[in-house]
Amino acid sequence: MTGAMSARWPREATSMRWLRRVSGVAALVLLAFLAGCATVPPNAGQDPRDPLESFNRHMFEFNEGLDKVVLKPLAQVYGAVLPVPVQECLSNGFSNLREPSNALNNLLQGKGGESVSDVCRFAVNTTVGLLGCFDVASRMGLEKHREDFGQTLAVWGVGNGPFLVLPLFGPSTIRDTAGLGVESVLDVNFWINNVSVRNTIFGVRTVSFRHELLQADDLISEAALDKYTFIRDGYLQRRRNLVYDGNPPREKDPYDEEEEPTADEGKGRPGPPAAGSDVNPPSAPKPAQ
Amino acid sequence: MFDLKMIKSVVIGVALLAAGAASSQAPAVAKSASVAPDVLVRDLSNEVLATIKADKALASGDVNRVQKLVDEKVLPYVDFGKMTRLAVGRGWRQATPEQRAALTREFRTLLVRTYSGALSQVKDHKVEMGPFRAQPGDMDVLVRTNVVPSRGDKIQLDYRLEKQDAGWKIYDVNVLGVWLVENYKTQFAGEVSAGGVDGLIKSLTDRNRQLADAKKA
């Protein structure tokens, strides 16, 4: 199926690949530059969730630089060139390619009903939905589930491990990175033998994702006092939510107190605490059931 | 790849909260303390969506307009004070009443300002209520909703509300699993740790001024 989908793309992709190569070189130059420029706060690494913070911040800067030079411009071109229905079609198609992984991971997590539903979704959307272009299954009441092997590991009891920013892929954890490795095997795209077709699909998919973010990233830059921390904490919360399928148990907030402590209590503290130690360390996600 | 789509959904979801505030023509929802929290959220959400559809200036993210409407309309239903206190965490104890007022004011301004820009992304969405579990005596509840676009994936949008004398008040919002308060805690703690409470107030104020200047330019 993917062969048929991709047959239309190579011509357009040639220029995109060229663009990518040229800007890729520029981005690599930026790598050395920006990696040296990342501002790392003095207490970096004290947050128990993020012992690799120093490394992560450099990698984060690298990704930001790469995005600015390569991915974001491509996404802007993508949005300007392709009509909205085509964008939606591609987006749905890429999402459909994830259904086998959703089904398998649901099965591995012991959620048989959801797994069967995912198989049905894949069957319906690939056929009636014209290779995933239309999400017919959702309109039929077959709900989409977002599962991946990182979540499966979490359900099996594997903790997050340290937060980790990956080159290109962005925020992750040690556990989710291991999951990503397994995911790449499940990714239908990686089964395609023709390297240029495979890379084209991967490239267009990445640009398509990025395009959907164009308006959002300005907002994050505005809303965040520290973008790295904002994205890290958002990622960790989001993953925990996914592991618990949207209904994680509430974590106790030690500072949620109606009553004010006495002045003495405040003075008894030796000094302002380090940022890292000030948050309640979230427990590693536990099996959902 | 990191769940990139999520970020767009976050924008839409939080925009709904801000816009909920912004429903000017809509009759005031639930003035009475006796209105159930899930009913409050449902009515507020529906009003927001109707208002966005009807009000082009609002949908285009006119900051001043959103800000004014939030001040007038959202305050009855949102406890920004509690939201700020929770986000500031330990630093709140060190803060004087004046500092607390400044923190609350600046945080509110930041939220309204940044999210007003997101309003243009909310179009023909609908709100679907999730399962609601609460006992009669509960003072703190979770109201679950999904925002359903005409195309694309549902957006999980949950609220925490606290029962106060004046009725139920929203003090935290969760978009796709990311709680707003939680997502600011570490950043705020970092600022307090580096420059004290005044440092945090300054960071927030500077950011708000930057954004205001950028919008003018």
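Readers should treat all values here as calculations from the given coordinates under stated rules, not as data from a laboratory. Everything numeric here is computed off the predicted structure, so don't read it as measured data. As a convention, Cβ positions derive from the backbone with ideal geometry for all residues, glycine included, and neighbour counts pool all protein chains shown.
With Kirkwood's inverse mean 1/r over C-alpha pairs for Rh, give me the Rg to Rh ratio of region B:118-217, two decimals please. List each step's numbers first, then the result.
Values: Rg = 17.9 Å, Rh = 16.7 Å.
A ratio of 1.07.
Please report the relative contact order for region B:83-217, taking Cα pairs under 8 Å with a sequence separation of at least 6, and give it as a percent rounded to a whole number.
On the way: 165 pairs, mean separation 36.5, N = 135.
Once divided by the residue count of region B:83-217, the mean separation gives 27 percent.
Quote the charge dipole size of region A:86-163 about the Cα centre in Debye, to the nearest 20; the model charges only the Cβ of Lys and Arg (+1) and of Asp and Glu (-1).
Using Cβ point charges on Lys, Arg, Asp and Glu, region A:86-163 gives about 40 debye.
Specify, per residue and in Å³, the volume enclosed by the convex hull of the alpha carbon atoms belonging to region A:122-212.
On the way: hull volume 12.1 nm³, N = 91.
Normalising the Cα hull of region A:122-212 by residue number yields 133 Å³.
Filter the chymotrypsin sites (Phe, Trp or Tyr not before Pro) in region A:89-180 down to the DSSP loop ones having no more than 13 other Cβ atoms within 10 Å, then list what survives. Spell out each step's value before the answer.
Details: sites: A:F94, A:F122, A:F134, A:F149, A:W156, A:F163, A:F169; in loops: A:F134, A:W156, A:F169.
Here the sparse-neighbourhood loop sites are A:W156.
Going by how many other Cβ atoms sit within 10 Å of their own, how do B:R100, B:R151 line up, fewest first? Each step should come with its number before you reach the end.
Details: B:R100 17, B:R151 14.
With the fewest neighbours first, B:R100, B:R151 line up as B:R151, B:R100.
Using a Förster distance of 45 angstrom, determine the FRET efficiency expected from the C-beta separation of B:K163 and A:R139, and round it to 0.05.
Working: r = 39 Å, r/R0 = 0.86.
After rounding to 0.05, the efficiency reads 0.70.
Could you estimate the translational diffusion coefficient of region A:53-114 from the Stokes-Einstein equation, with Rh from the Kirkwood formula over C-alpha pairs, at 37 °C and 0.692 mPa s, in whole µm²/s?
Numbers: Rh = 14.9 Å.
D, rounded to a whole number, is 220 µm²/s.
What FRET efficiency, computed as 1/(1 + (r/R0)^6) with R0 = 30 Å and r the Cβ-Cβ distance, is obtained for B:A101 and B:A36, rounded to the nearest 0.05? Please report the intermediate quantities before stating the final value.
On the way: r = 31 Å, r/R0 = 1.05.
So, using R0 = 30 Å, E works out to roughly 0.45.
Region A:119-142 to region A:211-229: how many Å between their Cα centroids?
32 Å
Using Cβ contacts closer than 10 Å as the measure, can you line up B:D43, A:D176 from fewest to most? Let's see the in-between values first.
Values: B:D43 18, A:D176 27.
The order, fewest Cβ neighbours first, is B:D43, A:D176.
Hey, fewest Cβ within 10 Å first, where do A:S91, B:S34 land in order? Let's see the in-between values first.
Numbers: A:S91 21, B:S34 9.
So the ranking, lowest neighbour count to highest, is B:S34, A:S91.
Which of A:K111/A:K227; B:K56/B:K185; A:K68/B:K82; B:K56/B:K126; A:K68/B:K154 have a Cα-Cα distance over 27 Å?
Pairs exceeding 27 Å: A:K111/A:K227; B:K56/B:K185; A:K68/B:K82; A:K68/B:K154.
Report, in debye and to the nearest 20, how large the dipole of region A:106-145 comes out about its Cα centre when Lys and Arg carry +1 and Asp and Glu carry -1 on their Cβ. Don't skip to the end; give the middle numbers.
On the way: 4 positive and 4 negative charges, 5 e Å.
Charge dipole of region A:106-145: 20 debye, to the nearest 20.
Could you state the per residue volume, in Å³, of the convex hull enclosing the Cα atoms of region A:115-155?
Details: hull volume 2.8 nm³, N = 41.
That works out to 69 Å³ per residue.
Of B:T114, B:N146, B:P136, which is farthest on the positive side of the dipole of region B:85-162, counting Cα position, with +1 on Lys and Arg Cβ, -1 on Asp and Glu Cβ, and the Cα centre as origin?
Most positive-ward Cα: B:T114.
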